[in-house]
Amino acid sequence: MAEAVIGSIAEKIIEILGSQAIETVGKLWGIKHELEALKKTVSLLQPVLDDAEEQYHHAHIRIWVEQLKDAFYEAQDVLEEFNIEAMRQELRGHNERMKAVRTFFSSSNQLAFKLKMSDKVRVVRVRIEAFKANRIPTLKEHPKKEWRNREETHSFIREEDIKGREDDKEIVMKFLLDSNMEENVSILPIVGIGGLGKTALAKYVYGDKTWLSLKTSLVEGAKGSKILITTRLPSMAKITGTTPPHFLGGLSESTPFDLLMQMACCNKEELQDPDMLVIGKDIVRKCCGVPLVVRTVGSLLFFKKTKSEWLHFKEYDLLKVSQNEECIKQVLKLSYDHLPSHLKQCFALCSLFPKDYELKKQTLVDLWMAEGFIRPSDRGQHLEDIAHGYFMDLLWSNFFQEFQEDVGTCKMHDLMHDLACSVAGTECWVAWDDTKHIHERTHHISYDSTFNFMSKFPISQVKASALRTFLSVTRYWERDPMIEVDLRRLIQSFKRLRILDLHAANVEKVPRSIGKLKYLTYLDLSYNEKLKRLPNSITRLQKLQKLNLKSCSKLKELPRDIRKLVSLRNLDIDDCNELSYMPCGLGQLSSLHRLSCFILPKDKALAKKYCGLGELNRLNNIRGALSIENLGSVTNAVEESQAANLREKSSLEVLGLSWGNVNITDEAIAMITKRDEALLDGLRPPDNLQKLIIKGYNDCPNFKELSEQIEKCEELDISKDESGNILDFHGGLQSLRSVEIEGLPALTSLPQWLLQARNLERLTIWSCRKLKDIPEQIEALQSLQNLVIIQCPSLTSFPEAMRRLTSLTHLTIYRCPKLEESCKRQAGKDWDKIAHIPHIRIDCRSCTNFLH
């Protein structure tokens with residue numbers, strides 16, 4: 001059954017109508033009265049929209065809602081057109097704007113434009129007023145849904161943390177450890193309905209220590225290798241298994257009750273009424289031991305804190321769940337129904353992704369923001385922070401699972417994905433689903449590598465005004481080329497697109513007509529390796545929030561008028577290897593929150609023409625990761641490094657400093673060394689930085705050049721400032737969790753400032769060929785868990801303090817011959833110092849896995 005999410009669209013219209021920009025334009029163009037009347041009409045309809053969503057299954061209400069939603073979308077487009085025009089007026093500057101306004105409002109221009117815009121507003125207002133006049137009598141006003149936010153500090157309960165599977169684990173482990181199997185590869189199917197935790201059990205077993213010691217010897221598929229298959233179908237188990245399948249049942253009663261209490265954030269002692277324990281156990285029994293159901297029901301009980309609420313939920317909301325997937329889906333639907341309208345929108349959009357797709361949290365956040373799903377906070381929070389809260393709410397409520405916090409990825413359970421597709425209805429269409437026809441009201445489309453634009457996309461079936469999303473979910477190596485004529489056709493056909501995702505589409509040239517997509521907020525051109533330039537018309541996209549150019553390896557330059565992208569919040573230019581400078585004006589993008597890379601011009605003659613470090617001065621909202629490249633080209637180290645103002649970028653988590661491949665003359669060596677030390681001193685990071693990466697002059701294209709650069713930078717020392725004093729960040733690195741030091745040939749010992757980072761968890765030292773000493777003060781790094789040392793040939797031994805690094809669990813040594821000799825297992829003179837470390841890898845064949 002398709003669901004309508006109309007309440008959030010109404011909220012968005014009211015939000016836009018209340019903005020300062022719309023008020024200003026309304027006064028300027030003489031349509032203030034029309035705009036106020038529109039706001040009043042939408043506001044009067046809003047209280048019944050929640051009830052309309054709940055009664056959407058009734059045919060007459062469904063028709064009313066869908067038609068009203070069309071009118072709301074039209075109104076939103078008209079209002080955003082006003083906003084865009086206001087932005088363009090602002091960009092012209094005060095003097096030019098006054099001149100343009102006088103010219104614009106002279107003679108026929110004034111009358112024509114005023115009549116056009118006034119008519120557009122009047123048409124949508126009258127259209128919406130008709131729905132108010134013909135409101136369905138059975139629709140009741142609903143109070144605003146209460147939504148409790150969970151504390152971020154509350155420990156997240158992962159599905160693999162669930163207890164109660166010890167017997168199942170023992171059965172599976174017995175199969176894995178059985179050495180008497182006759183087959184080269186033995187297969188055990190784990191069979192059960194969706195939501196029982198088949199995959200969680202397999203992962204639970206896979207992470208066991210009696211198993212970890214064996215699995216590395218089985219990766220080649222030799223005799224004794226084992227495979228676990230999880231399936232819902234007994235017939236599949238019969239076909240694939242070499243041994244009888246293991247049928248997974250529900251959890252015993254005590255385990256799901258504890259899980260229910262955890263998800264509801266209830267301690268037994270804190271319950272207001274002892275009878276609630278009895279009610280809770282009754283609820284658990286109705287869940288039939290299905291973990292997904294228990295978790296979902298528990299997350300619903302989080303919002304119900306009284307005995308009467310729990311009792312009502314048990315008696316009237318929660319049906320008895322049998323081990324039947326249709327019953328389970330009903331419980332999941334109950335959880336969806338409880339969501340506020342804005343979260344329903346966010347969840348339904350996830351139907352655009354295939355099943356078992358690895359979702360990136362940042363991608364979801366960017367998409368939700370680009371669609372306008374994020375409601376501004378009265379507390380002045382950044383939209384990114386609010387969107388993060390939306391993600392965590394959905395994660396806590398089990399709409400997402402398998403969240404890997406360190407890499408920011410998650411998945412959706414298959415049954416949750418089915419629910420997303422159901423509630424999205426005709427709003428979303430996926431190109432790979434042959435069973436679902438595209439509808440004229442479809443607003444969001446996704447496609448994969450099998451999609452052929454010319455032959456498969458039925459443009460004639462989609463309203464040109466309807467389509468807002470064209471999203472690629474293809475992998476980065478699967479797409480056939482998208483030729484320019486196809487791209488022009490797409491732009492010409494759908495001028496109200498908000499999201500255009502063309503990653504890995506083999507786009508060679510972006511047409512100038514891209515500038516006509518004035519509503520566009522999200523443009524992904526990443527992994528188009530033949531793309532060399534962007535048309536400057538792209539800077540007409542004043543609504544653009546995200547521009548992703550990652551791994552456009554042939555891209556030569558960014559648009560020269562990039563400063564006109566006044567709404568830009570996210571610019572990703574990682575791995576754009578031929579990009580050698582940033583255009584002037586980048587520092588005017590005050591909305592910028594993510595900038596992956598800041599590239600200084602390698603050629604000092606271009607320094608005045610393009611961006612210097614000073615462009616970073618006011619970009620203090622930047623968060624996440626920032627890499628500053630080609631620092632070796634900076635001439636005025638003290639002035640420019642201080643102008644970058646890194647200390648004020650308090651949301652920055654990862655900072656990379658790279659000196660790059662810069663031509664250096666012999667007579668300049670002393671001056672360069674002093675300058676580089678001044679740079680490092682001046683580029684002091686914010687106190688809450690979590691990861692610092694320092695790279696010297698090692699980014700050279702060939703070995704000969706690399707050797708020359710190393711010889712010319714022998715004196716560069718990150719331990720000292722330009723005066724030769726010990727560099728000290730005065731305890732300002734307590735949030736630092738990871739440091740990577742690469743290509744610093746003058747480094748002989750670890751710098752003092754590094755030893756002040758008491759919460760450091762990971763340290764990587766790479767290609768520091770004069771490093772001779774790990775000091776005894778390393779004992780201060782009591783949080784250190786992972787130490788990687790690569791290509792440090794002068795390092796001969798470890799200090800005694802290594803014995804006292806009790807948190808250290810992983811040590812990797814590669815291409816350090818003297819250190820490798822002293823650390824030989826059981827025989828080296830330093831072996832006793834490191835023997836307590838659980839995971840030691842010395843002179844491994846490849847060190848790549850340990851660097852990421």
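Quick notes on this one:
- A single entry from SER513, SER567 fulfils the requirement of being open to solvent by 10 Å² or more (accessible area, probe 1.4 Å) and either hydrophobic (A, V, I, L, M, F, W, C) or free of Cβ contacts under 8 Å to residues at least 40 places away in the same chain (or both): SER513.
- Residue that is open to solvent by 10 Å² or more (accessible area, probe 1.4 Å), at pLDDT 95 or above and under 30 Å from SER472 (Cβ atoms), where the choices are LYS329, LYS355, LYS361, LYS333: LYS361
- Selection over the range 241-255 of residues that are at pLDDT 85 or above and assigned to a helix (DSSP H, G or I) gives a count of 0.
- In the range 810-826, residue nearest to PRO793 (Cα to Cα) [restricted to those that are out of contact with any helix residue (DSSP H, G or I) (no Cβ under 9 Å at 6 or more places or on another chain) and part of a loop (DSSP other than H, G, I, E, B)]: CYS816
- Residue match in the range 774-786 (condition: of a type outside the set (D, E, K, R), surrounded by fewer than 16 Cβ atoms within 10 Å (Cβ to Cβ), free of Cβ contacts under 8 Å to residues at least 40 places away in the same chain and touching a Pro at 6+ places or on another chain (Cβ under 9 Å)): yes
- For first residues located in the range 580-591 and under 11 Å from LEU558 (Cα atoms), partners that are aromatic (Phe, Trp, Tyr) and in a loop (DSSP other than H, G, I, E, B) and lie 6+ apart or on another chain with Cβ distances below 7 Å form the pairs TYR581/TYR610; MET582/TYR610; PRO583/TYR610; CYS584/TYR610.
- The criterion of being surrounded by 22 or more Cβ atoms within 10 Å (Cβ to Cβ), under 25 Å from the mean Cα position of the chain (by Cα) and under 27 Å from ASN577 (Cβ atoms) holds for VAL507.
Every residue, every condition in (1) among the β-branched types (Val, Ile, Thr); (2) modelled with pLDDT of 75 or more; (3) assigned to a helix (DSSP H, G or I), yes or no:
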| site | (1), (2), (3) |
| --- | --- |
| PHE82 | no, yes, yes |
| ALA86 | no, yes, yes |
| LEU111 | no, no, yes |
| LYS116 | no, yes, yes |
| ASP119 | no, yes, yes |
| THR138 | yes, yes, no |
| GLU152 | no, no, no |
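- Filter result for LYS554 (open to solvent by less than 60 Å² (accessible area, probe 1.4 Å), basic (Lys, Arg), farther than 29 Å from GLY682 by Cβ and at pLDDT 95 or above): no
- From the options ASP366, ASP385, ASP356, ASP393, residue that is within 23 Å of SER446 (Cα to Cα), assigned to a helix (DSSP H, G or I) and acidic (Asp, Glu): ASP366
- The range 51-95, residues that are among the hydrophobic types (A, V, I, L, M, F, W, C) and either in contact with an Asp or Glu (Cβ under 8 Å, 6 or more places away or on another chain) or free of Cβ contacts under 8 Å to residues at least 60 places away in the same chain (or both): ALA59, ILE63, VAL65, VAL78
- Against the conditions (1) assigned to a loop (DSSP other than H, G, I, E, B); (2) crowded, with 21+ Cβ neighbours inside 10 Å, LEU547 satisfies every one except (1).
- Residue in the range 603-613 that is touching a Leu at 6+ places or on another chain (Cβ under 6 Å), under 18 Å from GLY656 (Cβ atoms) and open to solvent by less than 40 Å² (accessible area, probe 1.4 Å) present: yes
- GLU640 being charged (D, E, K, R) and surrounded by fewer than 19 Cβ atoms within 10 Å (Cβ to Cβ): no
- Verdict on LEU592 being open to solvent by less than 10 Å² (accessible area, probe 1.4 Å) and in contact with a Cys (Cβ under 6 Å, 6 or more places away or on another chain): no
Here is a yes/no grid of residues against (1) out of contact with any Asp or Glu (no Cβ under 7 Å at 6 or more places or on another chain); (2) at pLDDT 80 or above; (3) assigned to a loop (DSSP other than H, G, I, E, B):
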| position | (1), (2), (3) |
| --- | --- |
| SER186 | yes, yes, no |
| LEU201 | no, yes, no |
| SER217 | yes, no, no |
| LYS223 | yes, no, yes |
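- Restricting LEU367, LEU419 to those that are farther than 30 Å from LEU196 by Cα, buried (at least 21 other Cβ atoms within 10 Å of the Cβ) and in contact (Cβ under 8 Å) with a residue 12 or more places away in the chain reduces the list to LEU367.
- Qualifying residue in the range 494-504 (condition: charged (D, E, K, R), open to solvent by 10 Å² or more (accessible area, probe 1.4 Å) and either within 21 Å of THR426 (Cβ to Cβ) or free of Cβ contacts under 8 Å to residues at least 60 places away in the same chain (or both)): yes
- So ASP51, is it open to solvent by 20 Å² or more (accessible area, probe 1.4 Å) and in contact with a Lys or Arg (Cβ under 8 Å, 6 or more places away or on another chain): no
- Restricting the first member to the range 479-490 and to residues that are open to solvent by less than 80 Å² (accessible area, probe 1.4 Å), and the second to residues that are among the basic types (Lys, Arg) and modelled with pLDDT of 85 or more, the beta-carbon pairs closer than 6 Å and six or more apart or on different chains are GLU484/LYS509.
- In the condition set (1) closer than 27 Å to LYS609 by Cα; (2) at pLDDT 95 or above; (3) outside any loop (DSSP other than H, G, I, E, B), LEU500 is compliant with all but (1).
- Screening the candidates THR409, THR442 for the property of being of a type in the set (S, T, N, Q), under 22 Å from the mean Cα position of the chain (by Cα) and surrounded by 15 or more Cβ atoms within 10 Å (Cβ to Cβ) yields one hit, THR409.
- Criterion: more than 24 Å from LYS554 (Cα to Cα) and within 27 Å of the chain's Cα centre (by Cα) - qualifying residue of ARG489, ARG496: ARG496
- Test: residue in the range 575-584 that is part of a loop (DSSP other than H, G, I, E, B), open to solvent by less than 10 Å² (accessible area, probe 1.4 Å) and closer than 22 Å to TYR519 by Cα: no
The values are calculated or read from the model by the stated rules, or taken from the named source; none is laboratory data. Quick caveat, the model's predicted, so the values are computed rather than measured. With ideal geometry, Cβ positions are generated from the backbone for all residues, glycine too; neighbour counts draw on all protein chains shown. All accessible areas refer to the heavy atoms of the entire protein, side chains included, with ligands and DNA or RNA removed. Shrake-Rupley method; radii C 1.70, N 1.55, O 1.52, S 1.80 Å.
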